[in-house]
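Shown next, in structure tokens, is the structure this report addresses.
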Amino acid sequence: MSRITDGPITAGDALDAASLNTRFASYTQTDLNAFNHRDAAHDLPQFAESGWLLTHAQSQDIGLNHWKHSSSVTVNGMTVMPADPHPIEDGAGNVSEMSFGAGLSVGAGEVLRAYWNLSAKATQGSNWNAATGSLGYYELPDGSGGHRKTDTWGGCWVFYLQWDITSAARTNYVAVPLQSDCKAAVGAYYGAPLSSTLASSVMPSGLRYATDPDAGTVPSVSTESTQRWRGISGAWYYPRDAGAQVIYGLRVVLKGVMHPYQLSGVNYLVHDTVYSNGASLDYNGGNLAVLKHRVK
Amino acid sequence: MKRWAQREATAGATISPDAINDELRAQQSSVTTLDRDQLPGNYIDEARLKDYAILRGYVATAHPAGGQQDVVVYDVPDGNMWDACAYPAYPGGWQDASASTATTLTGFKGGQLHIEWAGNGYIFGSMASGLNVPLPMSPRYLGLRITVNGVVIAEKRGPGCHEAFRVIGSTLAPQGDLSVRFQWRIEGPSQDDATETTAGTSVPQAHLYSMRYLAIGRWR
């Protein structure tokens, strides 16, 4: 805030129009403008106390909430292609979908933020190194002129978001923007380019350590690392620059076992049906939460 | 609206310095009492708020384009490996996740900055327990960090296998455009690492993909 320091008019000063106007102009407060009394004045009582900055928040449990894992939901590795994703459910067929009732409108200048987590545990099975078609291993030198099958550490289960933007009936779930359902043919496989996995989070389908690698070789059979329950989490951001998008439902789904694959310089995640045969994933409970707020 | 008048100028009245000074002081007082509570109720409300008056969000649904790390990329033959970071291509140290210039958060007005960086990371950790490597062996992690104007605001040990990650940082940042970098690093191989297949292809060691970020600046 500026301070006016003009001296007072004293006896003998000339009082003409110019000097008087200058003095009055000092007090016209030209900086009392829309910025300092409006844009910067959002603490005024006429502002609503809620509902205009954060325009929506919603959270719910998903899956089967047995935190002691007394029972869990089991999903077997997907072997029939193209496979539909498995929606997270409670073990009794009740899908853990987040309903927005008559619809949640994400308007221009807003962002929808979605966060999810889930307790899960993978079982690798025994086909990760099957000679007939599994992608799950490299052949590394064994030090004796031969090779040793070694886990690539690439096999994974993929969790991602689907939404329904058609109606409140919520019967038309599809992958959210920039995320694929991984059902497109990629050579002899089915999957999606990594550029279409932008609403996903992955966890390993199994891990095997090379046993005592020695000077650039792997002389021994690898050691399986026991997989335990782990928490997976993901985040997805959906900004709207123009127009509005109404969303009726949101849910987390999963697919697996998937594996890195590269074809003609493009990186993919593809289903590995050989690895999947005998692999499985157990999961329990988690949470799905959304926030919608303005970004300007 | 109130009106202050100490001395009303009338025709034929004599004028003195106080006639002017008192009026000026009165007007000054009138300004100081014009506070925000006296403004009309709809002079300012949330609908009239100017863009970015209190906050600004910066969101990338894919960063960089396609969401993949594109700085250290080693070409491999078609098959079960990604074109990704392998030791022959990795110069060591922290690398940007994007080959383009640093991400700029434009129009930051000074205040609190919150950043979330999410994605999937892959690290090949199979060789962590080499025969000739003394304890504590050589566990592999895909280190992650976020810098703002060159200052690290968040750092994470990062994925130890093929798994999702999220790095969240928050800091007070100065006014002006901010330069943000999302960076990663891996450890070098131990003497025991088998880094090539029997076909002579270097094994990919790390990759980042599905990357996106959200940043929020708040200055009120």
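When B:Gly57, B:Gly66, B:Gly119, B:Gly130 are checked against the criterion of being buried (at least 21 other Cβ atoms within 10 Å of the Cβ) and in contact with a helix residue (DSSP H, G or I) (Cβ under 9 Å, 6 or more places away or on another chain), a single residue qualifies: B:Gly119. Selection of the stretch A:195-215 for residues being hydroxyl-bearing (Ser, Thr, Tyr), outside any loop (DSSP other than H, G, I, E, B) and farther than 18 Å from A:Tyr268 by Cβ yields only A:Tyr209. Evaluate the stretch B:148-170: report whether one residue or more is touching an Asp or Glu at 6+ places or on another chain (Cβ under 6 Å) and surrounded by fewer than 17 Cβ atoms within 10 Å (Cβ to Cβ). Among the residues of the stretch B:148-170, at least one is touching an Asp or Glu at 6+ places or on another chain (Cβ under 6 Å) and surrounded by fewer than 17 Cβ atoms within 10 Å (Cβ to Cβ), which makes the answer yes. From the residues in the stretch A:171-189 that are β-branched (Val, Ile, Thr) and either in a strand (DSSP E or B) or surrounded by fewer than 20 Cβ atoms within 10 Å (Cβ to Cβ) (or both), which one is farthest from the chain's Cα centre (by Cα)? Within the stretch A:171-189, the match that is farthest from the chain's Cα centre (by Cα) is A:Val186. Looking only at the stretch B:191-220, residues that are farther than 16 Å from B:Gly67 by Cα and buried (at least 21 other Cβ atoms within 10 Å of the Cβ) come to 8 in all.
Scanning the stretch A:100-123 for residues that are in contact with a Leu (Cβ under 8 Å, 6 or more places away or on another chain) and polar (S, T, N, Q) yields one hit, A:Thr123. Of all residues in the stretch A:62-112, exactly one satisfies the criterion of being under 30 Å from B:Gly57 (Cβ atoms), of a type in the set (D, E, K, R) and assigned to a loop (DSSP other than H, G, I, E, B), namely A:Glu97. Here are some conditions: (1) within 28 Å of B:Tyr213 (Cβ to Cβ); (2) in contact (Cβ under 8 Å) with a residue 60 or more places away in the chain; (3) over 20 Å from the mean Cα position of the chain (by Cα); (4) within 7 Å of chain B (Cβ to nearest Cβ). A:Pro204 meets all but one. Which one does it not meet? Of everything listed in (1) within 28 Å of B:Tyr213 (Cβ to Cβ); (2) in contact (Cβ under 8 Å) with a residue 60 or more places away in the chain; (3) over 20 Å from the mean Cα position of the chain (by Cα); (4) within 7 Å of chain B (Cβ to nearest Cβ), A:Pro204 misses just condition (3). For the criterion of being in a strand (DSSP E or B), within 18 Å of the chain's Cα centre (by Cα) and more than 8 Å from chain B (Cβ to nearest Cβ), A:Gly234 fails. Restricting attention to the stretch B:111-168, the residues being more than 22 Å from A:Phe159 (Cβ to Cβ) and aliphatic (A, V, I, L, M) number 14.
For (1) part of a strand (DSSP E or B); (2) touching a Cys at 6+ places or on another chain (Cβ under 7 Å), each residue gets a yes or a no:
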position	(1), (2)
A:Val221	no, no
A:Tyr248	yes, no
A:Met258	yes, yes
A:Tyr268	yes, no
A:Asp282	yes, no
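When A:Val218, A:Val266, A:Val270, A:Val252 are checked against the criterion of being within 30 Å of A:Lys296 (Cβ to Cβ) and either in contact (Cβ under 8 Å) with a residue 60 or more places away in the chain or over 18 Å from the mean Cα position of the chain (by Cα) (or both), a single residue qualifies: A:Val252. Which one of these is within 24 Å of the chain's Cα centre (by Cα), aliphatic (A, V, I, L, M), assigned to a loop (DSSP other than H, G, I, E, B) and more than 9 Å from every other protein chain (Cβ to nearest Cβ): A:Ala131, A:Ala168, A:Ala192? Just a single option satisfies the conditions, and that option is A:Ala168.
Bear in mind that the values in this text are calculations on the coordinates, not laboratory data. The model shown is predicted, which means the values in this text are computed figures rather than measured ones. Note that we place each Cβ from the backbone using ideal geometry, even for glycine, and neighbour counts take in every protein chain shown.
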